Structure formats: C-alpha cells, structure tokens
Amino acid sequence: MNRKLLRLVRRTASPIGLWRLKIIHYLYGIEGVAREIQSLRNPVSAMKAFGAQIGDNTLVYPGITLHAPQEDFSNLSIGSNARIIRDCILDLTEKITVCDEAIISLRCNLITHRNIFRSPLANSGYYPDKKPITIQRGAVLFTNVTVLMGVTVGECAMVAAGAVVVSDVPSWTLVGGVPARVLKKLAPNEHVNF
C-alpha cells in the first residue's frame, strides 16, 4: 500500500478507518481509540461509532483528548451546529452535554471528576467525586477555560479566556477570572469588547 493511501486510511474515519479503530479498541481498549482520534482530521464519525451522540453540522477539530474510563464515549452528547476547537480535553467519567450552537474554543478543559488517589487529603474529607457538566445552547467558552465538575454554563453565556469555572454560570452573562465571577450581564444583539 503506498504511503499516501496509508496516511489517508489513518486520518479519516472511513469504513476502513473505523474498522482500524475497532481493532485498536480490541487491542488497547477505549484509551487506545481516544489516542487515535486525536490524529483524525474530522473525528466526529469515529466518536459516534464508539457511542458519542453528536448532532448535524457539528465540527470537532483535530487534537481532542477524550478521557473515558468506561468502554465507550456514551457520556458525551453534542448538539447540532456546535464547535469544539483544537486541543480540548473532555473528561467523560461523568456525562458532558454540549447543546446546540455552543462553542468550546482552543485548549479548554471540561473535568467531570475529582480523584485524589492515595493523598493524605483523602483522610481529611476530600473524597473522590464526579458530577456532569452542561454547556447550554449558544454558550461560548474562549481559549484555555477550565470547567470543573457539576457546572452548568447557561444559555448564550460567555466565559472569558483563562477562566476557571467552579459554579454555575447564569444565562446571558460574561464571566471571567479565577475562580470565574460575573463581569457583565449581556443583552441580545449587544457587542462585547474585552
């Protein structure tokens, strides 16, 4: 097989590419599939093949990292016309829901669990925990945002770059900072400079 064809098989989720992913799943489990998905140009069909629910016209850019401790990606649900840009990390220990028309920009992290393993903190009441994350319709997470477990980002909310979101974000607000706090209430058709 020539190199161009081999590269094409590796980088697409064609039936041959999906067959290859199923072999990787058999040999290395879902984490092997997650590593392979990072190199696909359009990983949507591969993610669907392993249990993710993804709507029409949704784009997931290359470089996405899916942490899935179970045997599939069924904890991931993405609506229609949503965008997940490069180098994002989605922790699928618990359910992540990204609704229609939401945008998750470069290097965002959605973390659904806390596990401190064998740290002395485990004896101080910091126990492993997991909770779902919801990004509602039209919400925008700008570059390098971290959303922690149990958070709902409201409809048409904007999260400024570099924010760490530890509590729910109200609809139609701009939040930012560490930890994120409300910076401004938004109105429909308002242009925000920040």
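Around the amide H of Ala157, modelled in the peptide plane, lie the amide H atoms of Ala139, Val140, Trp172, Thr173, all under 5 Å away and 5 or more residues distant in sequence or on another chain. Accessible surface computed residue by residue for the chain, with neighbouring protein chains in place and a 1.4 Å probe, gives 54 Å² per residue. Among Glu94, Glu155, Glu71, the largest mean-square fluctuation in a Gaussian network model of the chain, built with springs joining Cα atoms closer than 10 Å, belongs to Glu71. Given a 1.4 Å probe and every protein chain left where it sits, what share in percent of the accessible area of the chain is carbon and sulfur? That fraction is 54 percent. Among the chymotrypsin sites (Phe, Trp or Tyr not before Pro) in the stretch 89-152, those located in a DSSP loop and surrounded by at most 15 other Cβ atoms within 10 Å of their own Cβ are Phe117, Tyr126. In the chain, the longest principal axis of the Cα atoms and the axis of helix 15-37 are about 60 degrees apart.
Taking the chain as the region of interest, the number of lysine pairs whose Cα atoms are within less than 28 Å, with members eight or more places apart or on different chains, is 11. In this Cβ point-charge picture (+1 for Lys and Arg, -1 for Asp and Glu), the chain has a dipole of about 740 debye about its Cα centre.
Only helices enter the 222 nm calculation for the chain: every DSSP H run of n ≥ 4 contributes -39,500 (n - 2.57), and dividing by all residues gives -6000 deg cm²/dmol, rounded to 500. Checking every one of the trypsin sites (Lys or Arg not before Pro) in the stretch 76-167 against DSSP loop status and a limit of 15 other Cβ atoms within 10 Å picks out Arg86, Lys95, Arg118.
Based on C-alpha pairs under 8 angstrom that are at least 6 apart in sequence, the stretch 94-194 has a relative contact order of 22 percent.
The values are calculated or read from the model by the stated rules, or taken from the named source; none is laboratory data. Computed from a prediction, not measured in an experiment: that's the story for all the values here. Every residue, glycine among them, receives a Cβ derived from its backbone with ideal geometry; neighbour counts consider all protein chains shown. When the accessible area is computed, the model is the full protein with side chains, heavy atoms only, and any ligands, DNA or RNA have been set aside. Shrake-Rupley method; radii C 1.70, N 1.55, O 1.52, S 1.80 Å.
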